[in-house]
Amino acid sequence: MSSSKPRIAILGSGPTGLEAALAASEKGFPFVVFEAAPVVAGRMREWGHVGLFTAWPMDVSERMRGALCAADREPPATDGCPSGAELVDRVLDPVAALDGIRDHVRLNTRVLQIGRVGLLKNEEVGSGRRAGHAFRLLLSDGSGREWTEEADIVLDCTGNAIPNPIGESGIAAPGEAALRRTLHHEVPDLATDSAAWAGKTTLLVGDGHSAQTALVELMGLAEEHPETRIVWVTRGPVPEPLADDSLAGRADLTARAAALAATPAECLTALPCTTVDALRPGARVAVTLRGPKGELTEVEVDRVLALTGRIGDHTIYRQLQVHECWATSGPMKLAAALMAQDGGGGDCLDQTSLGAETLRNPEPGFFILGIKSYGRRGNFLMRVGWEQVEEVFQLIEADEPSRGHA
């Protein structure tokens, strides 16, 4: 038995990962933050031009605000809503640069797989002895070099990085794999890249807020470039605004998208209750669509904008004993608690962490935090991730006296 504090590996340097880094630093735990991108919060930067629906006070944790104020880097406290890039620039980058944090952040370092030293997935099932074996992390950098490191605790804060397929039934459409290098999975930044979309016919797939944002932006582009065309495909009916939505920006966006679909301009073809049946690459992409009665139609497009949501990378912990929900792919205890709380839906503003025990996995010392912990649910709020961090560190500190280190 060792009296030293357990070594913590934090995967991801987004809002939840950096909150965990601050907590580890404050509580005196040795820790390392692994970030796959060459910069902090790499995933958030990919959609940095898009605005958040929540105002600044909801986008900065108390721990982050306190740490930044102590370093004379007080973040904004206005009621305005930042973009992703503004949040990175004003909060996440400064947090990562703080004393006690910056020397522990390893950029351009991707976690490929996680296992237990000396154990396979099917060994020591339920015995509790797995906690005495360190985690073994397979890592790689941008040059392709691979190596391993060890940790006693792993906090998976890697977020939702993998785009969902656009085909029927949630699987890839025939021909989708051949187009994977040309499919677009982010809302276009038309302020800097309008030439790539102006005058083109775009197939827009998805009905969430990212798709709605893209629709509104592309329709604005079509006003300046009348030859621009948009084919908007949604799996179900076009969403309507929530009743009494407390987030004004979200309500306005949904209302605008619904109005555009209800009385489409010449440049827009709105196809609700429709799915992508197949794609065929060529000079243009030939897309076969399946309508609400099963009828097949074909359109030709120049670009495919696939905004059907994302899921976390669950392959990295396939050698660990993780109990996943069969419906959401989130950790089972948390998924069950969320389902009991709201039946599978609910406004994100109503979400709170549901207790430390819902974050435990059969694999001792391994925790999935942040948006990845919600799996396929779409109502995660950053505040929940920060609450999860606090609860997990309570568990870690409570478990310290009985923890063994191999």
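Going through (1) over 30 Å from Glu123 (Cβ atoms); (2) touching a residue at least 12 places away in the same chain (Cβ under 8 Å); (3) buried (at least 16 other Cβ atoms within 10 Å of the Cβ); (4) small (Gly, Ala, Ser) one by one, Ala255 falls short only on (3).
In summary, Glu146 fulfils each of the numbered conditions (1) in contact with a Ser or Thr (Cβ under 8 Å, 6 or more places away or on another chain); (2) under 23 Å from Thr308 (Cα atoms); (3) surrounded by fewer than 17 Cβ atoms within 10 Å (Cβ to Cβ) with the single exception of condition (2). For the structure I just gave you, tell me whether Ala24 is closer than 19 Å to Trp386 by Cα, among the small types (Gly, Ala, Ser) and part of a helix (DSSP H, G or I). Taking the combined requirement at face value, the residue satisfies it.
Taken over the range 193-223, residues that are of a type in the set (Gly, Ala, Ser) and not in a helix (DSSP H, G or I) amount to 4.
Residues are listed down the side, and each one gets a yes or a no for (1) of a type in the set (Val, Ile, Thr); (2) under 29 Å from Leu381 (Cα atoms); (3) part of a helix (DSSP H, G or I):
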| residue | (1), (2), (3) |
| --- | --- |
| Ala77 | no, yes, no |
| Leu87 | no, yes, yes |
| Val91 | yes, yes, yes |
| Val95 | yes, yes, yes |
| Glu123 | no, no, no |
| Glu149 | no, no, no |
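On the basis of being under 26 Å from the mean Cα position of the chain (by Cα) and either assigned to a helix (DSSP H, G or I) or touching a residue at least 24 places away in the same chain (Cβ under 8 Å) (or both), does Pro226 make the cut? No, not satisfied.
Please tell me if Arg181 is of a type in the set (Lys, Arg) and within 30 Å of Leu253 (Cβ to Cβ). Yes; evaluated as a whole, the condition is true for this residue.
When Gly175, Gly236, Gly144 are checked against the criterion of being outside the structural domain of Val287 (by TED's automatic domain parsing) and over 30 Å from Arg360 (Cα atoms), Gly144 stands alone in meeting it.
Across the range 159-207, the qualifying residues are those that are touching a Leu at 6+ places or on another chain (Cβ under 7 Å) and among the polar types (S, T, N, Q), and the one among them that is nearest to Pro15 (Cα to Cα) is Ser194. No other residue among Arg102, Arg73, Arg116, Arg65 is surrounded by 14 or more Cβ atoms within 10 Å (Cβ to Cβ), over 24 Å from Phe53 (Cα atoms) and not β-branched (Val, Ile, Thr) apart from Arg116.
Among the residues of the range 165-182, those identified as outside any helix (DSSP H, G or I) and among the small types (Gly, Ala, Ser) are Gly167, Ala172, Ala173, Gly175. Set side by side, the residues Leu139, Leu155 differ, and just one is of a type outside the set (Asp, Glu), out of contact with any helix residue (DSSP H, G or I) (no Cβ under 7 Å at 6 or more places or on another chain) and either closer than 30 Å to Val233 by Cβ or touching a residue at least 60 places away in the same chain (Cβ under 8 Å) (or both), which is Leu139. Reported count of residues in the range 45-71, each being under 26 Å from Asp189 (Cα atoms) and more than 20 Å from the chain's Cα centre (by Cα), is 1. Taking the numbered list (1) outside the structural domain of Gly208 (by TED's automatic domain parsing); (2) of a type in the set (Ser, Thr, Tyr); (3) surrounded by fewer than 18 Cβ atoms within 10 Å (Cβ to Cβ) in turn, Thr288 passes all entries but (1).
The values are calculated or read from the model by the stated rules, or taken from the named source; none is laboratory data. Everything numeric in this text was worked out from a predicted model, so none of it was measured. In this analysis, Cβ positions are derived from the backbone assuming ideal geometry, glycine residues included, and neighbour counts consider all displayed protein chains.
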